[in-house]
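To start, the structure itself, in structure tokens.
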Amino acid sequence: MKASTVRSAAAARSESAPYDSLKQLILDGTLAPGEPLIERTLADRLSVSRTPVREAIFRLEREGLIEAVDGKGAFVASYTIDDLIEIYQIREGLEPLAARLSCAHLDDADLDYHEKQLKRYRDAPRLREENPGKWLQLGWEFHQMFIRASKNARLIDVIERMQNQIELFRGLGRSVIPRRDMQGAVEEHWEIFTALRKRDEERAERAVRMHLQSGLQKRLEGLHAKVSSVR
């Protein structure tokens, strides 16, 4: 490989790092909806200059994760209860179907990997509390596994175009769902996994639907409790 090619690849990774880091901070809920984004503060936090931070903010604004307000600056995109409900309604219409369709196509190696990871979280609940970001990543990978295995190109395309919004509301759970309720999501994923392993289409479809309904309900309850606590 030519030295110039290596330098170009390294430069591309360096330029995307602030964007990737800032995006993850928003998606996993570390930066809350409505939180102001101060370039100098973010540059210090990400150990970069202000220029790549500014560029990352512009990119994320185009993706809908950041809102720019004239004369006030940039903020993490806010959402309404209706936004949350709509996203989960769409997911409930598509992801259970993806799980059903995936049963005919799932790769055993993928299932083996997720079985190992889910068993870790079932056996050691503290892992989720110690590193909630890793759990969010595993959950994303797990859902992607059966969505892509559905082999339905249009269904996959619709979900992928909504992915930022989906992840934004998944990350919301980190800040509004009580820790005592979080382990339930591990068991819900295990039920989905068990159905997929058995290639049980009806059980897989039902398990994903119940998981999404539970996720929506917990987020709505968490938001209600959060609002009530500041009154």
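Annotations for the structure displayed:
- Meets criteria (in contact with a Lys or Arg (Cβ under 8 Å, 6 or more places away or on another chain) and not assigned by TED's automatic domain parsing to the domain that holds D28) for G93: no
- Here the helices (runs of 4 or more DSSP H) wholly within region 35-141 that include at least 3 residues being aliphatic (A, V, I, L, M) and either more than 20 Å from the chain's Cα centre (by Cα) or modelled with pLDDT under 95 (or both) are 39-46, 81-102.
- Pairs are defined by a Cβ separation below 6 Å, a sequence spacing of at least 6 or placement on different chains, a first member in region 199-217 that is within 16 Å of H143 (Cα to Cα) and in contact (Cβ under 8 Å) with a residue 60 or more places away in the chain, and a second member that is acidic (D, E) and surrounded by 21 or more Cβ atoms within 10 Å (Cβ to Cβ); the pairs so defined are V208/E95.
- Given (1) under 24 Å from G215 (Cα atoms); (2) outside the structural domain of L223 (by TED's automatic domain parsing), number of the condition C103 does not satisfy: (2)
- Looking at V176, V158, just one residue is loosely packed, with under 15 Cβ neighbours inside 10 Å, under 25 Å from L22 (Cα atoms) and more than 14 Å from the chain's Cα centre (by Cα), and that residue is V158.
- Test: residue in region 83-92 that is among the aliphatic types (A, V, I, L, M) and farther than 18 Å from H143 by Cα: yes
- Only one entry in R40, R54, R91, R100 is out of contact with any Leu (no Cβ under 9 Å at 6 or more places or on another chain) and surrounded by 18 or more Cβ atoms within 10 Å (Cβ to Cβ), namely R100.
- If you check A153, A185, A124 for being closer than 20 Å to Q213 by Cβ and of a type in the set (A, V, I, L, M), only one passes: A185.
- When region 1-19 is limited to residues that are of a type outside the set (A, V, I, L, M, F, W, C) and either assigned to a loop (DSSP other than H, G, I, E, B) or at pLDDT 80 or above (or both), the one that is surrounded by the most Cβ atoms within 10 Å (Cβ to Cβ) turns out to be P18.
- Complete set of residues in region 20-34 that are farther than 28 Å from I81 by Cβ and either touching a Phe, Trp or Tyr at 6+ places or on another chain (Cβ under 7 Å) or modelled with pLDDT of 95 or more (or both): none
- Any hit, region 135-151, residues being among the basic types (K, R), surrounded by fewer than 16 Cβ atoms within 10 Å (Cβ to Cβ) and on the phi > 0 side of the Ramachandran plot: yes
- Contacts under 8 angstrom Cβ, first residue in region 163-176 being touching a residue at least 24 places away in the same chain (Cβ under 8 Å), partner part of a helix (DSSP H, G or I) and aromatic (F, W, Y), 6 or more apart: E167/W140; F169/Y88; R170/W140
The values are calculated or read from the model by the stated rules, or taken from the named source; none is laboratory data. The structure presented is a predicted model; accordingly, all values stated were derived computationally and were not measured. Note that we place each Cβ from the backbone using ideal geometry, even for glycine, and neighbour counts take in every protein chain shown.
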